[in-house]
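The values are calculated or read from the model by the stated rules, or taken from the named source; none is laboratory data. Computed from a predicted structure; not experimentally measured. Please note: Cβ atoms are built from the backbone with ideal geometry, for glycine as well, and neighbour counts cover all protein chains shown. We work out accessible area using only protein heavy atoms, side chains counted, and drop any ligands, DNA or RNA first. Shrake-Rupley method; radii C 1.70, N 1.55, O 1.52, S 1.80 Å.
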Amino acid sequence: MSAPTPAGGTAGRTLVIQVPCHNEEEVLPRVLADLPRELPGIARIITLVIDDGSTDGTVAVARAAGAEVLRLPVNRGLARAFLAGLDRAVQLGADIVVNTDGDHQYRGADIGALVAPVLAGQADLVVGTRPVSEIASFSPTKKLLQRLGSWATRMASGTTVEDAPSGFRAMSREAAMRLHVFNRYTYTVETLIQAGRKGMRVLSVPVGVNPVTRPSRLVKGSGSYVMRQLNVMVRVFMTYKPFRFFAIPGVTLGALGSVLLARFLWFYVTDGGSGHVQSVIIGSLLAGAGLVLVVIGLLADLIAVNRQLLEDVEWRLRRMEDRGRGP
């Protein structure tokens, strides 16, 4: 599905709108019909449907609508489908990639606003901010968790994104080639933290949402959502800020152990050395555990440096391959 050069279009920019899908036969026609056919500054629009191991007619629906289809042989999860889509979008010549959901949560009419900052060179990654407080299908608990999760992501990433779990995003070609995802559950939080740490320019724009078409497949309930998001954030923080992750509790335990050892020494001097052996035992255990955590933090930090170097090497290789493919 592509569009001709719109009136007032500029230098032949290609936009790829990717839609990760798993068994979206019923909703996908509405999603594809809602996508824009032309946008200011865009010469060509390609719709890419990533079929994440669907067992229904998702692929047939996508092809009937004229969309490009990338088929994954088995269900690999949303995060893997997202990454596979980025790779394919780059191969298709995308200058800008937009990601939207296959459940028609996001409005196609907002894609223009999402793409505009990237077109203007003001941002490498743009996230659509939903009106979370106004979404009737979100429970008060989920709204609170959304706000807390977005705040924690801003702290970890150094960005100002207001709606971190939003999957409605636009990114430049360069950003698409530099992002990685290490978990299967979701890409939203991890890619924001990566973008912030890699020095990408990240902006938010307000977007609307459509009425709910089906229950979420990612969120089975508030408890499940909390546990999954905590797991993602802990793993991401451990991956990208390993020394702080291990050193803070290590120093805390070491300080507590030192206090107990100092307590023993105080009583040893003032009481002639009798009793308080428990302070020595517990203090030594805490101080030892703290030292081990700090050492682990140092080793993890060295591993993180090596991983970052490998990511940079991979990015350079991808750029060389990209240039080798030519226009």
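Residue check: residue 235 meets all listed conditions (1) more than 30 Å from residue 147 (Cβ to Cβ); (2) surrounded by 15 or more Cβ atoms within 10 Å (Cβ to Cβ); (3) not aromatic (Phe, Trp, Tyr) but one, namely (1). Within region 153-171, at least one residue is touching a residue at least 60 places away in the same chain (Cβ under 8 Å), within 21 Å of residue 239 (Cα to Cα) and in a helix (DSSP H, G or I). From the list 190, 162, 134, 174, the lone residue that is open to solvent by 50 Å² or more (accessible area, probe 1.4 Å) and within 27 Å of residue 310 (Cα to Cα) is 174. Taking the criterion of being among the acidic types (Asp, Glu) and free of Cβ contacts under 8 Å to residues at least 24 places away in the same chain, the only residue of region 67-120 that qualifies is 87. Can we say residue 175 is assigned to a helix (DSSP H, G or I) and at pLDDT 90 or above? It is true that residue 175 is assigned to a helix (DSSP H, G or I) and at pLDDT 90 or above. Only residues that are under 19 Å from residue 13 (Cβ atoms) and under 11 Å from the mean Cα position of the chain (by Cα) were counted across region 156-209, and they come to 1.
Considering region 66-104 alone, what residues qualify as being of a type outside the set (Gly, Ala, Ser), assigned to a loop (DSSP other than H, G, I, E, B) and open to solvent by 20 Å² or more (accessible area, probe 1.4 Å)? Answer for region 66-104, where residues must be of a type outside the set (Gly, Ala, Ser), assigned to a loop (DSSP other than H, G, I, E, B) and open to solvent by 20 Å² or more (accessible area, probe 1.4 Å): 73, 74, 75, 76, 92, 95, 101, 103, 104.
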